[in-house]
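Asker: Mind having a look at this structure? Questions to follow.
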Amino acid sequence: MSSNGNNEPALQQSNWDTLILGIGNVLWADEGFGVRCVEALHERYQFPPSVRVMDGGTQGLFLLPWVCSANRLLIFDAIDFGLEPGTLKLILGDDVPSYMGVKKVSMHQAGFQEVLSSAQLSGEFPDEIALIGAQPELLNDYGGSLTGTVKGQLQPALEQAVEVLHGWGVDIQERSGELPADERIGPGALAISDYETGRPEGALT
């Protein structure tokens with residue numbers, strides 16, 4: 001089951017218990033890493049109804065009800081670890097909230113750290129939580145896509161995600177055909193292939 005973080009319907013209590021969440025802003029180069037990860041994951045794999053795959057964008061506290069409703073939470077995001085650009089790290093358990101707050105890439109991380117803190121205070125924190133983060137190379141490129149360095153970490157990030165989800169007992173199946181356009185996560189014009197080809201040459205700022 002997928003959802004569009006920019007036009008998310010009201011939270012419905014159902015049989016889902018695992019949330020896969022990509023956060024960030026695709027309009028600012030490597031800050032879009034998290035969203036591009038969930039797009040690629042959803043395009044490549046099928047999930048059972050117990051899993052929700054969501055583009056969380058930069059919604060901050062609006063994501064709190066979703067986080068509080070999840071038993072298992074997997075997050076993708078661009079994180080400033082202070083390491084070489086493109087470095088990929090997997091953070092598990094209680095360490096995740098502290099990494100969401102270190103050297104904030106943008107204001108969306110401050111908002112999401114508050115989401116995690118609020119969930120902890122409410123006693124509705126997920127039983128399992130994992131963060132797959134990539135060290136950004138470039139952020140101040142409005143309208144730019146992922147740098148080659150960070151884009152090259154999409155496949156390794158998906159492999160880590162599949163390993164984490166399998167460890168949680170989530171049944172994942174590779175899609176046998178191409179994902180229909182109307183099932184994509186997010187507006188079609190922002191899909192990475194259309195987004196990259198639609199940018200004028202020499203637009204780097």
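The values are calculated or read from the model by the stated rules, or taken from the named source; none is laboratory data. Nothing here was measured: the structure is a model prediction, and the numbers come from that model. Methodologically, a virtual Cβ is constructed for each residue, glycine included, from the backbone with ideal geometry; neighbour enumeration extends over all protein chains shown.
Asker: Restricting to the range 156-187, and then to whatever is under 18 Å from Leu88 (Cβ atoms) and in contact (Cβ under 8 Å) with a residue 60 or more places away in the chain, can you tell me which residue is surrounded by the fewest Cβ atoms within 10 Å (Cβ to Cβ)?
Answerer: So, considering only residues that are under 18 Å from Leu88 (Cβ atoms) and in contact (Cβ under 8 Å) with a residue 60 or more places away in the chain, the one surrounded by the fewest Cβ atoms within 10 Å (Cβ to Cβ) is Pro156.
Asker: Taking the range 123-155 on its own, how many of its residues are small (Gly, Ala, Ser), surrounded by fewer than 18 Cβ atoms within 10 Å (Cβ to Cβ) and within 18 Å of Ile192 (Cβ to Cβ)? Spell out how you get there, then give the answer.
Answerer: Here is the first cut: in the range 123-155, the residues small (Gly, Ala, Ser) are 123, 130, 133-134, 143-145, 148, 152.
Okay, now just the ones that are also surrounded by fewer than 18 Cβ atoms within 10 Å (Cβ to Cβ), so 123, 143, 148, 152.
From what is left, the residues that are within 18 Å of Ile192 (Cβ to Cβ) are 143, 148, 152.
Of the residues in that region, 3 qualify.
Asker: Where in the range 136-205 are the helices (runs of 4 or more DSSP H), entirely inside, with at least 3 residues that are at pLDDT below 85?
Answerer: Numbers: elements: 148-151, 154-167, 192-197.
Passing ranges, in order: 192-197.
Asker: For the range 1-106, list the strands (runs of 3 or more DSSP E) that sit wholly inside it and hold at least 1 residues that are at pLDDT 90 or above and surrounded by fewer than 17 Cβ atoms within 10 Å (Cβ to Cβ); which are they?
Answerer: Values: elements: 18-23, 51-57, 72-78, 88-92.
Hits in the range 1-106: 88-92.
Asker: Find all pairs meeting these conditions: Cβ atoms under 8 angstrom apart; at least six residues apart or on different chains; first residue within the range 118-146 and more than 27 Å from Thr18 (Cα to Cα) and among the charged types (D, E, K, R); second residue surrounded by fewer than 17 Cβ atoms within 10 Å (Cβ to Cβ) and at pLDDT 90 or above.
Answerer: Sorted first by the residue in the range 118-146, then by its partner, the pairs are Glu137/Pro85.
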